[in-house]
Amino acid sequence: MKSSNLQEISVRRQNGFFKRLADIAVALPLTLLSLPVGVLLGLLILLRDPGNPFYCQRRVGRDGKVLTILKFRTMKRHSDEVERVLSPEALAIYRREYKLMDDPRLIGYRKEGDGSRCFGAILRRTSLDELPQLWWNVLLRGNMSLVGPRPILKEELEQHYTSEEQKALLSVKPGLTGYWQAYARNAACYENGERQQMELYYVKNRSFGLDLKILFRTVVAVITKAGAK
């Protein structure tokens, strides 16, 4: 193995070690502070739509390894049966973007337009549904970082990224938040290519300073609802 490759691996491991320490240092106090909120949210989900308050989904992580992300459930039970639940028009949009602006599957959705104001929509807009990822994926499992590209489905990866782009995207740990989420959220999508560009921008330009900017911007985006629809 060439010395340049060995040096690259050494630098990668060193950077990964310090980033892991930073993740733990931030995630541990945030977890302790947010657990009471998490208990309350779990109870509210149970009251509004009885069933498991958590939702697990398999995504693609660093180096192509499959990871299971944990979220608070924002959708009604059996919402994974998209062909049965969604209209043909909504299904076409979902299969292209893997999200809907007015999703009838959300908990509390009753009529058109509720996708921006029902209980499930509020959990998503405030990012409170992501709290279990902080506890489980970032702090305990360590298969996610506080900042990085969002972990995505295998079909998303194959549909929207070239083989070289896939390799770059999977070279770093996925994040609880990232450049795309902090600066665009729903304002950037797969169809126009902006989401892919933003995720890959982070991979190519990642640094401790950029991570700090993204964390700060994420807080601002959640408070001001910037990019949320």
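The values are calculated or read from the model by the stated rules, or taken from the named source; none is laboratory data. None of the values given here were measured: they were computed from a predicted structure. Backbone-built Cβ (ideal geometry, glycine too); neighbour counts: all protein chains shown.
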Give the range 135-147 a look and list any residue that's crowded, with 22+ Cβ neighbours inside 10 Å and either out of contact with any Gly (no Cβ under 8 Å at 6 or more places or on another chain) or modelled with pLDDT under 95 (or both), or say none.
N137, V138
Over the range 153-175, the set of residues more than 16 Å from the chain's Cα centre (by Cα) and surrounded by 19 or more Cβ atoms within 10 Å (Cβ to Cβ) is H160, Y161
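Filter the range 22-53 down to residues that are small (G, A, S), in a helix (DSSP H, G or I) and either free of Cβ contacts under 8 Å to residues at least 60 places away in the same chain or in contact with a strand residue (DSSP E or B) (Cβ under 7 Å, 6 or more places away or on another chain) (or both), then give me how many there are.
Restricting attention to the range 22-53, the residues satisfying the condition of being small (G, A, S) are 22, 25, 27, 34, 38, 42, 51.
Next, only the ones that are in a helix (DSSP H, G or I) stay: 22, 25, 27, 34, 38, 42.
Add one more test, that the residue is either free of Cβ contacts under 8 Å to residues at least 60 places away in the same chain or in contact with a strand residue (DSSP E or B) (Cβ under 7 Å, 6 or more places away or on another chain) (or both), and what stays is 25, 27, 42.
So the count comes out to 3.
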Strands (runs of 3 or more DSSP E) wholly in the range 54-155 with at least 2 residues that are more than 29 Å from P29 (Cα to Cα) - which ones?
none
Of (1) assigned to a loop (DSSP other than H, G, I, E, B); (2) farther than 25 Å from L131 by Cβ, V172 fails just (2)
Can we say R150 is more than 20 Å from L212 (Cα to Cα), modelled with pLDDT under 95 and surrounded by fewer than 22 Cβ atoms within 10 Å (Cβ to Cβ)?
no
Using beta carbons and a limit of 6 Å, which pairs, at least six apart or on different chains, have the first residue in the range 98-112 and under 22 Å from Q196 (Cβ atoms) and the second one at pLDDT below 90 and part of a loop (DSSP other than H, G, I, E, B)?
M101/K229
